[in-house]
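Following: one structure in structure tokens, then a few remarks.
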Amino acid sequence: MDLFDSPGTLTSIPIEDGALALMARLPLPYSNDEILSRLLAETPWRQDSIVLFGKRHLQPRLTAWYGDASYTYSGLRLDPLPWTPLLAEIRAAVETACGVRFNSVLLNYYRNERDSMGMHSDDEPELGPEPAIASLSYGATRSFVLRHKRNKRTVKLDLHDGSLLLMSGKLQSNWLHGINKSARTIGARLNLTFRYVV
Ligand SMILES: O=C(O)CCC(=O)C(=O)O
Ligand SMILES: [Mn+2]
């Protein structure tokens, strides 16, 4: 069966040592383009720097953190912005689709093919041992790369406009994930990762 036969259904993707499920299109009463342009326009984007091996780098994407609790990400303490009406509405749709509650969302804005996210796992202690993380994408399709921490097996998933990916179970303990730069021209992509921060 093709995912697009039932776009509003969360379909599990078989993967060892963790759980993944994908919905081709999260149902919302707005078009994908409307959500993308509103979120791009109304978000106070920042480009933080992170320290890697003692050297300070600007992150290769823009971000914003919304939610009820602060969060430490790559050694960076993020104080949350308050939920906007649109983000609260999207969160409710994501919670219904996943059957999970979320109190925070990280917005990542990949402006073009040069923006990226390094391989990492979302395994901070405040996310708990088996965190459910819902990742919603708008705009350009990017390839989401997963790499198993021990056997190094790689899995690639194209994340399309309006799709929702749910990562859960032991996925964060056993796999890394990230978004590579590309040699091909790629337009803007917005990703929202909903989390529950204890
Ligand atoms: O942009 C994506 O699809 C991945 C985002 C991500 O992994 C994160 O925010 O932790
Ligand atoms: Mn992540």
For the chain, calculated [θ]222 nm from helices alone, where every DSSP H run of n ≥ 4 adds -39500 (n - 2.57)
-4000 deg cm²/dmol
Say each of Ser143 and Val100 gets a label point 7 Å from the Cα, pointing the same way as Cα to Cβ; how far apart are those two points in nm?
2.6
Could you tell me which chymotrypsin sites (Phe, Trp or Tyr not before Pro) in segment 47-98 are loop residues by DSSP with no more than 11 other beta carbons within 10 angstrom of their beta carbon?
Phe53
Treat each spin label as a single point 7 Å out from the Cα along the C-beta direction, and report the Ser6 to Glu89 distance in nm.
2.7
Label segment 1-83 by shape, choosing from rounded, prolate and oblate, from the square roots a ≥ b ≥ c of the eigenvalues of the Cα gyration tensor; if a/c is under 1.5 it is rounded, and otherwise prolate applies when a/b is larger than b/c, oblate when it is not.
oblate
D_trans [Stokes-Einstein, Kirkwood Rh over alpha-carbon pairs] for the chain, 10 °C, 1.306 mPa s, µm² s⁻¹:
93
If I build a Gaussian network model for the chain, linking alpha-carbon pairs within less than 10 angstrom, which residue out of Leu176, Leu58, Leu20 has the largest mean-square fluctuation?
Leu58
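Bear in mind that the values in this text are calculations on the coordinates, not laboratory data. Quick caveat, the model's predicted, so the values are computed rather than measured. In this analysis, Cβ positions are derived from the backbone assuming ideal geometry, glycine residues included, and neighbour counts consider all displayed protein chains.
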